[in-house]
Amino acid sequence: MSHDPVRALFLPLGDGFVAWPEDHRALFLGAVPDAALEPAWADRLTCVQPLKPAHDRLAAQGFAVAPERRDTAALVFVLLGKQKHENLGLIADGFAALRPGGRLVIAGANEIGAARYEKMVAALVPLEGSLFRFHARAFWAAKPAAEPADLATWRAEAAPRRIVDGRWVSQPGVFAWDRVDPGSAMLTEYFPPRIGGTVADLGAGWGYLSATLIERYPDIAAIDLYEADARSLACARANLGADGRASFHWADVTAGLPARHYDWIVSNPPFHEGRGQRVDLGQGFIAAASAALKPGGRFLLVANRQLPYEATLSRHFASHQMLADGRGYKVIAASAPKSSSR
Ligand SMILES: C[S@@+](CC[C@H](N)C(=O)[O-])C[C@H]1O[C@@H](n2cnc3c(N)ncnc32)[C@H](O)[C@@H]1O
């Protein structure tokens, strides 16, 4: 039997434990594209997904989809992910999104500890049922007449907040949400004495690299932050927004950037998506950086040292050089982007 928490999430509907409301509309928080989503639901299901690639795949399947929840509904589905505060925030938001008399269905894979979330919800709200299939648990409950106080706490704990002695704004669930990533910190140690002109930060997260660049280099005329996670980008706005040189782009970097536009590009590329390692994502970032740099532009990259990026760098840049190799990371500078690189 395959692992499929999405299939488990919608089983209570298929098995008749919960029904479509009279208006035939439902919300799906934490939505991901999945074969379990029936095309016939495209007119009924509004999906919420802050990650641009998954958002765009859901939109391509015909679903209404938004990076954050704005609507309410009488039926709400919540798919749990890996991060505890993010999950509790999603559950609390799911209850808040329910209209009176509405129903919340929650599911998560066994490996993320779905049974633990079921217990936590059952301690606050009487469950109407639960099931265990596809290596996942689904459980459901009606909207309580009065909201249990713990739901407000869960919501607050998932919200953006100040981290690292109050220096930065971040949010549970985004990359390195409660700390400066050590790889990014190492990259800033190897920034050259001068950086200026137009700059891009690919996979900018909550903005650490860009904020450091802006702080250190007055010759930067403009810096574009590209980031797939709308929540990270909102934090980056809070961290850099006052600096008029910064622009924020909710974008899938591998889908392409403005051609031959930048003097400098920095990146700590992603190498995971969901449960799996995705070396091709970092390789796509390298190709995108090469195509977006001006002929004399330079690319500064940090990566976990075992990631195989060298062949891709050779394919897309005439030269690249290791600036540092240690603490589990490598810092690489690449120059002379090849003109046929995309
Ligand atoms: C290794 S993290 C680096 C984050 C940030 N630069 C830092 O130093 O903390 C990679 C970032 O890329 C983002 N990301 C993942 N896939 C992406 C894509 N296809 N396009 C743009 N950003 C993406 C992730 O959300 C994550 O914030």
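Residues that are crowded, with 19+ Cβ neighbours inside 10 Å, more than 18 Å from the chain's Cα centre (by Cα) and either of a type in the set (V, I, T) or more than 21 Å from H3 (Cβ to Cβ) (or both) within the stretch 47-90 comprise F63, A73, A74, L75, V76, listed in sequence order. For beta carbons closer than 8 Å, sequence separation of 6+ or different chains, a first residue in the stretch 13-30 that is aromatic (F, W, Y) and a second that is open to solvent by 60 Å² or more (accessible area, probe 1.4 Å), the qualifying pairs are F17/E128; W20/R44.
Yes or no, residue by residue, for (1) more than 10 Å from the ligand (Cβ to nearest atom); (2) at pLDDT below 95:
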site: A156; (1), (2): yes, no
site: G166; (1), (2): yes, yes
site: F175; (1), (2): no, yes
site: R179; (1), (2): no, no
site: S184; (1), (2): no, no
site: P192; (1), (2): yes, no
site: T198; (1), (2): yes, no
site: L202; (1), (2): no, no
site: W206; (1), (2): no, no
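If you check A238, A246 for being surrounded by 20 or more Cβ atoms within 10 Å (Cβ to Cβ) and at pLDDT 95 or above, only one passes: A246.
Taking every residue in the stretch 296-320 that is in the same structural domain as D263 (by TED's automatic domain parsing) and of a type in the set (S, T, N, Q) and pairing it with any residue that is surrounded by fewer than 22 Cβ atoms within 10 Å (Cβ to Cβ) and in a strand (DSSP E or B), at least 6 positions away or on another chain, the pairs with Cβ-Cβ distances below 6 Å are S319/S335; S319/A336. Within the stretch 211-252, the set of residues being more than 8 Å from the ligand (Cβ to nearest atom), hydroxyl-bearing (S, T, Y) and closer than 26 Å to P53 by Cα comprises S247 only. Among the residues of the stretch 98-114, not a single one is under 15 Å from the mean Cα position of the chain (by Cα), more than 22 Å from A146 (Cα to Cα) and crowded, with 17+ Cβ neighbours inside 10 Å. For the stretch 254-263, the condition holds for no residue, the condition being that it is free of Cβ contacts under 8 Å to residues at least 60 places away in the same chain, closer than 28 Å to G81 by Cβ, open to solvent by 60 Å² or more (accessible area, probe 1.4 Å) and away from the ligand (no atom under 12 Å from the Cβ).
State yes or no: is A185 on the phi > 0 side of the Ramachandran plot and of a type in the set (A, V, I, L, M)? Spelling it out, it is not the case that A185 is on the phi > 0 side of the Ramachandran plot and of a type in the set (A, V, I, L, M).
Give me the residue from the stretch 1-46 that is surrounded by fewer than 18 Cβ atoms within 10 Å (Cβ to Cβ) and of a type in the set (D, E) and, out of that set, nearest to I112 (Cα to Cα). Looking at the filtered set, the residue picked out is D34.
Quick grid of which residues meet (1) closer than 26 Å to E38 by Cα; (2) within 16 Å of the ligand (Cβ to nearest atom):
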site	(1), (2)
H55	yes, yes
E68	yes, yes
D71	yes, no
A74	yes, no
N87	yes, no
R103	yes, no
A109	yes, no
G129	yes, no
A146	no, no
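The values are calculated or read from the model by the stated rules, or taken from the named source; none is laboratory data. Model, not experiment: these values are computed from the prediction. Don't worry about glycine lacking a Cβ; one is built from the backbone with ideal geometry, like all the others, and counts go over all protein chains shown. Side chains included, ligands, DNA and RNA excluded: accessible areas come from the protein's heavy atoms. Shrake-Rupley method; radii C 1.70, N 1.55, O 1.52, S 1.80 Å.
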